[in-house]
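In what follows, a structure is listed as structure tokens, so that the remarks can point back to it.
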Amino acid sequence: NKVSLNIVANSKSMIYGDNIPSLTYDASGFVNNENNSVLTGALTTSATSSSNIGSYNITQGSLDSNNYNISYTPNTITITQAPLTITASEQSTSYGTLFDLDQTLFTTSGLKNSDIINALSKIVKIN
């Protein structure tokens with residue numbers, strides 16, 4: 001008969017666009033001086049480096065053992081916003097003229113996964 005083994009996934013977090021961190025777990029209930037080396041497979045998640053911000057389940061995936069009946073407790077990986085810097089280019093204009101900050105009037109730093117900014121929605125009036 002197989003012995004019960006409790007597996008609890010560890011929660012993880014990452015920044016949008018970064019690599020998925022290693023999915024880890026805590027295991028309790030080993031007998032006969034056994035340890036994680038008797039486990040095969042790995043936890044999985046549907047999250048990827050291009051997933052939108054939010055929480056994604058960490059599932060048991062293929063994690064298994066010939067010696068134990070696994071009782072699995074899931075957790076989540078949370079993807080947070082990536083920092084983004086938008087810098088307006090130095091410009092000059094006549095008094096009372098509107099600036100439309102189109103794509104040529106600013107630079108960005110921090111875009112990931114081929115994301116782009118087509119235009120900024122702010123129109124600035126110089127008084």
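A compact table of results
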item: Carbon plus sulfur fraction of accessible area for the chain, probe 1.4 Å, in percent; result: 45 percent
item: Stretch gain in nm, segment N19-S37, where the contour uses 0.36 nm per residue and the Cα spacing is subtracted; result: 3.9 nm
item: 1.4 Å probe accessible area per residue over region 15-101, in Å²; result: 63 Å²
item: Inter-probe distance in nm under a simple model that places probes 7 Å from Cα toward Cβ, at I117 and Y95; result: 3.0 nm
item: Selected from Q91, Q60, Q81 as most flexible by GNM, with the chain as the system and alpha-carbon contacts under 10 Å; result: Q91
item: Vicinal HN-Hα couplings computed from phi for region 14-24 (Karplus, 6.51 cos²θ - 1.76 cosθ + 1.60; Hz; Gly/Pro x); result: 7, 8, 3, x, 7, 6, 5, x, 4, 8, 10
item: The chain, relative contact order in percent, only Cα pairs under 8 angstrom and at least six apart counted; result: 26 percent
item: Net length gained if the chain between K2 and I86 were fully extended (0.36 nm per residue, minus Cα distance); result: 24.4 nm
item: Where trypsin sites (Lys or Arg not before Pro) in DSSP loops with at most 11 other Cβ within 10 Å are excluded, longest remaining stretch of the chain; result: 3-121
item: Convex hull (Cα only) mean projected area of the chain, reported in nm² to one decimal; result: 10.3 nm²
item: Lys, Arg +1 and Asp, Glu -1 on Cβ, resulting dipole of the chain about Cα centre, debye, nearest 20; result: 160 debye
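The values are calculated or read from the model by the stated rules, or taken from the named source; none is laboratory data. Only a predicted model underlies this, so the values are computations on that prediction, with no experimental measurement involved. Neighbour counts are summed over all protein chains in view; Cβ atoms, including those assigned to glycine, are modelled from backbone coordinates with ideal geometry. Just so you know, the surface numbers come from the protein's heavy atoms only, side chains and all, with ligands and any DNA or RNA stripped out. Shrake-Rupley method; radii C 1.70, N 1.55, O 1.52, S 1.80 Å.
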